[in-house]
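Here's the structure, in structure tokens; my notes come after.
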Amino acid sequence: MTQRATRLALWIAALLLVPLPMLQFGAQVPVAQYLLLAGVCAAVAAVESSSGVLLLLLSLFLTHALVYALLLWFAAGLVARLLARLAPRARTAAVATAVLAGLGVALLGEPYVTPFDRAPRGNLATVLGVGRAAEGPTRKDEAPGPPAQREAQACADRDPLRRPYFGDLHVHTALSFDAAGQGTRATPRDAYRFAQGAPLGIPPFDASGRAGQTIRLRRPLDFAAVTDHAELLGETRICDDPAQPGHGSLICRVVRRWPRLGYVLVNARVFSQLEPERYGFCGEDGAGCRAAAAGPWREIQDAAAEAQDTSDACRFTSFVAYEWSGMPGGDNIHRNVIFRNARAQELPTSYIETPTAEGLWDALERECLSLQSDCDALAIPHNSNVSGGLIWPTAHPDGTPIARDDAVRRASLEPLVEITQHKGDSECRANESDELCGYEKLPWAR
């Protein structure tokens, strides 16, 4: 083996095997995966319209690949010079031994940190996307439970002067695109069982689906609401269910193979845009994805109905709910929409079709509050300290000042604001230095 051949062999092996760090995401993967991910981003950009985040990721992957390829080329040259002192056969044996040893470690161990995959670590087959095993499990609609309407009895213990109760009105399950992308497998029924004191398995999951750890509340909650994102309910179901049209689309394949990469790509296209749009696999005007959202929405409502304690003990209260999720330019304007009873909108209002808070209020009034029924709802803004002031505007989107009637209307629709959730406290600005604001403060500005 000549010195040039030695250098080339070592360089190719290093491109395939050597884990190298990635800025921002904390990955340690070989150059081969940087090139693979760059190719995926390029393919998505070609099939779908590109976004700033997509082009940024493409540039990031290509820059890493180019820089590391050059560094490895120089390193391979130095090693080849050292090996040139050996006899040709000994040199060939040394190179073969090193490559085979590295290949064995890469295939049999988990030397790579893979933030875009479902598992935090992986082997060479994982980073190269070999085989179908890399894709996560698919799921279909759960079997329907008992009828949604059950006659509720009056609570035996009722206090007209009120009393404090403890619950959670901000819960996501595997029906939400972001939660599913981070490995969540819990269903709305699982969430309500957990709220009532049952144990719950959480990620990471092994190949057989067994949870890496199990958690349980010290004290069951008095009430809860599953507030899965209205946006992408249909897309999440389509990508998960092989029977759905669009399941084999490129973006769904990316989501299943690299769920966290899929999350970044889809999140940037939908939640962070001033004029969000759906992906091509949703069909004309997004009708396919809106239709696919009906199944998950029914599942959310049925789970709430099943969890409600309708006996006179009134041990647990569940609410039909969803989250309207907009983040234009990175500023959070999310709202959790909570319905008073089983009467709810036919489909949740989505930021994609309705990208303003006033549009959300219009939809609630039109599709719930104004109907000749007992449908009632309120919206709860959250993480207002990272809204860039958008949750507390002094003018309408068209620039006209907010009048008294507007304030009265909002007060009736949004009488509450969320202060604390699992992410952290949002009572003060994210960069606030007041020591009284130091309690579990939301740790990022956007």
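Here, each number is a calculation from the coordinates, and none is a lab measurement. These numbers come from a predicted model, not from an experiment. Heads up, the Cβs are rebuilt from the backbone with ideal geometry, glycines too, and the neighbour counts pull from every protein chain shown.
Of Leu54, Phe271, Ala407, which is farthest towards the positive pole of the chain's charge dipole, taken about the Cα centre with +1 and -1 on the beta-carbons of Lys, Arg and Asp, Glu respectively?
Positive-most Cα among the choices belongs to Leu54.
Please give the FRET efficiency for Gln153 paired with Leu108, using the beta carbon to beta carbon distance and R0 = 45 Å, rounded to the nearest 0.05.
Working from the Cβ atoms, E equals 0.15.
Convert each backbone phi in the stretch 362-379 into a coupling constant with the Karplus relation 6.51 cos²θ - 1.76 cosθ + 1.60 (shift: θ = phi - 60°), then list the ³J(HN,Hα) values in order as whole Hz, x for Gly and Pro.
Using θ = phi - 60°, the values come out as 4, 5, 5, 5, 6, 9, 9, 5, 8, 6, 7, 8, 9, 5, 8, 7, 9, 10 Hz.
About its Cα centre, how strong a charge dipole does the stretch 164-226 have in debye, to the nearest 20, once Lys and Arg get +1 and Asp and Glu get -1 at the Cβ?
Its charge dipole is roughly 220 debye.
Give a residue-ordered list of calculated ³J(HN,Hα) values for the stretch 382-399 (Karplus: 6.51 cos²θ - 1.76 cosθ + 1.60, θ = phi - 60°; whole Hz; x for Gly, Pro).
Computed from phi, the couplings for the stretch 382-399 are 9, 6, 5, 6, 10, 9, x, x, 6, 6, 10, x, 10, 9, 6, x, 7, x Hz.
Based on the alpha-carbon gyration tensor of the stretch 228-287 and its eigenvalue square roots a ≥ b ≥ c, which shape applies: rounded if a/c is under 1.5, prolate if not and a/b is larger than b/c, or oblate?
oblate
Can you give me the convex hull volume of the Cα atoms of the stretch 202-312, divided per residue and expressed in Å³?
Hull volume normalised by residue count: 167 Å³.
Compare the Cα positions of Gly326, Ala125, Gly248 along the charge dipole of the chain (+1 at Cβ of Lys, Arg; -1 at Cβ of Asp, Glu; about the Cα centre) and return the one farthest towards the positive end.
Ala125
Give me, ordered by chain and number, the residues 5 or more places off Leu20 or on other chains with an amide H under 5 Å from its own placed amide H.
Long-range HN contacts for Leu20: Val29.
Amide H of Ala377: which non-local residues (sequence gap of 5 or more, or other chain) have their own amide H closer than 5 Å, using H built in the peptide plane?
Result for Ala377 returns Arg340.
Quick check for me: using +1 on Lys/Arg Cβ and -1 on Asp/Glu Cβ, what's the dipole size of the chain about its Cα centre, in debye to the nearest 20?
Rounded to the nearest 20 debye, it is 2800 debye.
Check which residues have an amide H placed less than 5 Å from Phe116's amide H, if you skip close sequence neighbours.
HN-HN under 5 Å from Phe116: empty list.
Could you check the simple spin-label distance between Glu284 and Gln182, using points 7 Å along Cα→Cβ, in nm with one decimal?
Here the answer is 3.9 nm between the modelled labels.
Exposure proxy check: Ser433, Ser272 ranked by fewest other beta carbons within 10 Å?
Sorted ascending by nearby Cβ count, the order is Ser433, Ser272.
If the chain between Thr356 and Val130 were fully stretched, how many nm would it gain, using 0.36 nm times the residue separation less the Cα-Cα distance?
77.1 nm
With just the Cα atoms of the chain, tell me how far they stretch along each of the three principal axes, in Å, largest first.
93, 52, 49
Find the Cα radius of gyration of the stretch 306-446, compare it with 2.2 N^0.38 Å by division, and give the number to two decimals.
Ratio of Rg to 2.2 N^0.38 Å for the stretch 306-446: 1.16.
In the stretch 1-91, what trypsin sites (Lys or Arg not before Pro) fall in a loop by DSSP, with at most 16 other Cβ atoms inside 10 Å?
Arg85
Give me a comma-separated list of calculated 3J(HN,Hα) values for the stretch 409-422, in order, Karplus coefficients 6.51, -1.76, 1.60 applied at θ = phi - 60°, integers in Hz, x for any Gly or Pro.
With coefficients 6.51, -1.76 and 1.60, one gets 4, 5, 4, 6, 8, 10, x, 10, 9, 6, 9, 10, 8, 4 Hz.
In Å, the Kirkwood hydrodynamic radius of the stretch 285-387 over pairs of distinct alpha carbons?
Averaging 1/r across every pair of different Cα atoms and inverting gives 14.9 Å.
What translational D, rounded to a whole number of µm²/s, comes out for the stretch 1-82 from Stokes-Einstein when the hydrodynamic radius is the Kirkwood one over Cα pairs, at 4 °C and 1.567 mPa s?
Diffusion coefficient, whole number: 95 µm²/s.
Between 0 and 90 degrees, rounded to the nearest ten: what's the tilt of helix 294-307 against the longest Cα principal axis of the chain?
60
What number, rounded to the nearest 500 deg cm²/dmol, is the helix-based mean residue ellipticity at 222 nm of the chain, given -39500 (n - 2.57) per DSSP H run of at least four residues and division by all its residues?
So the calculated ellipticity at 222 nm is -11500 deg cm²/dmol.
Charges only on Cβ, +1 for Lys and Arg, -1 for Asp and Glu: so what's the dipole of the stretch 299-427 about the Cα centre, in debye to the nearest 20? Walk me through the numbers before you get to the answer.
Numbers: 9 positive and 22 negative charges, 54 e Å.
Dipole magnitude for the stretch 299-427 comes out near 260 debye.
For the stretch 42-135, state which chymotrypsin sites (Phe, Trp or Tyr not before Pro) are in a DSSP loop and have at most 11 other beta carbons lying within 10 Å of their beta carbon.
Counting only loop positions with at most 11 other Cβ atoms within 10 Å, none of the chymotrypsin sites (Phe, Trp or Tyr not before Pro) in the stretch 42-135 qualifies.
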